[in-house]
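Visitor: Dumping the structure here so I can ask a few things about it.
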């Protein structure tokens, strides 16, 4: 079995614990390839890294399973590197909350045993893409979590016109608008008041960012819908963030968000469900007096 390993280069202390992952892979006789920036980072930090079977320098690679070592942001970057390749991702949480990366490094032996025996589930997660008119994007246009159209940090509130399926128009006076998948409902959208959505739901959620009107609320729509977003602002530009990959755009550009033509596989242990993960991460039912 071949694993492709991607990791977070900004967690110096936690990078030391990756030795457990390498031990678990090598003692089973598996092979691994590793992303070059992460490999260089580990070497610079003095982390003992077994000789990899290959170094990933671009997106032209193949593996049985991709391992994302970090937080949800690392997993999102891993998904963008995998693209349309049918490679499932195992997320090992070395970050904070970790709604996508639910496996801890302490459990890596357990989960690899389950993978070798086939006792694991894969969730097929939907993605969305940004299609532009009046300009081109330089970033990868597909998102597992969300596509957000936002004001620049120092600019004034924007007017955003979101047209659903070319018919229904919603106008927001706000700092931005998020179009999130069910996977992204526990990310940026949740932090600004959006609903939590089960991963298997075939929907998208439109969540305004700091809307000027108290009546402006998130709205859930069918994921076959298209959402055309037109921006008007005093600065005559805006930011688009595609799973955190930001770039500046001119306000003459129209952004259309629609469901992507492929899905991403995420590995889950059979013993761990989405609801269980929410209960643990958000401490539902926990008595803080104990």
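The values are calculated or read from the model by the stated rules, or taken from the named source; none is laboratory data. All values reported here derive from a predicted model rather than from experimental measurement. Using ideal geometry, Cβ is built from the backbone for each residue, glycine included, and neighbour counts are taken over all protein chains shown.
Visitor: If a residue must be modelled with pLDDT under 80 and under 14 Å from residue 267 (Cα atoms), how many such residues does the stretch 104-116 contain?
Guide: The number of residues fulfilling the criteria is 1.
Visitor: Related question: Looking only at the stretch 212-225, filter to residues that are modelled with pLDDT under 95 and touching a strand residue (DSSP E or B) at 6+ places or on another chain (Cβ under 7 Å); which one of those is nearest to residue 144 (Cα to Cα)?
Guide: Across the stretch 212-225, the extreme among qualifying residues is 216.
Visitor: Across the stretch 188-211, what is the number of residues that are crowded, with 18+ Cβ neighbours inside 10 Å and in contact with a helix residue (DSSP H, G or I) (Cβ under 7 Å, 6 or more places away or on another chain)?
Guide: The number of residues fulfilling the criteria is 5.
Visitor: For the stretch 96-139, how many residues are within 30 Å of residue 246 (Cα to Cα) and crowded, with 20+ Cβ neighbours inside 10 Å?
Guide: The total comes to 11.
Visitor: Separate question: Restricting to strands (runs of 3 or more DSSP E) lying wholly in the stretch 226-283: which have 2 or more residues that are under 19 Å from the mean Cα position of the chain (by Cα), over 19 Å from residue 172 (Cβ atoms) and at pLDDT 90 or above? Full working, then the answer.
Guide: Numbers: elements: 227-232, 237-242, 245-250, 254-269.
Filter on the stretch 226-283 gives 245-250, 254-269.
Visitor: Check the stretch 104-121 and report whether any residue there is farther than 24 Å from residue 29 by Cα and not in a strand (DSSP E or B). Full working, then the answer.
Guide: Residues of the stretch 104-121 farther than 24 Å from residue 29 by Cα: none.
Within the stretch 104-121 (the criterion being farther than 24 Å from residue 29 by Cα and not in a strand (DSSP E or B)), the answer is no, since none of the residues qualifies.
Visitor: Of (1) modelled with pLDDT under 95; (2) surrounded by 17 or more Cβ atoms within 10 Å (Cβ to Cβ); (3) in the same structural domain as residue 205 (by TED's automatic domain parsing); (4) under 15 Å from the mean Cα position of the chain (by Cα), residue 92 satisfies all except one. Which?
Guide: (3)
Visitor: In the list 228, 243, which residue meets the criterion of being buried (at least 17 other Cβ atoms within 10 Å of the Cβ) and on the phi > 0 side of the Ramachandran plot?
Guide: 243
Visitor: A further question on this structure: Tally the residues that are in contact with a strand residue (DSSP E or B) (Cβ under 7 Å, 6 or more places away or on another chain) and not in a strand (DSSP E or B), restricting the search to the stretch 87-97.
Guide: Matching residues across the stretch 87-97 total 4.
Visitor: Among helices (runs of 4 or more DSSP H) lying entirely in the stretch 1-69, which contain 3 or more residues that are buried (at least 17 other Cβ atoms within 10 Å of the Cβ) and within 23 Å of the chain's Cα centre (by Cα)? Show your work before the answer.
Guide: Details: elements: 12-15, 19-26, 36-44.
Of the helices (runs of 4 or more DSSP H) lying wholly inside the stretch 1-69, those with at least 3 residues that are buried (at least 17 other Cβ atoms within 10 Å of the Cβ) and within 23 Å of the chain's Cα centre (by Cα) span 36-44.
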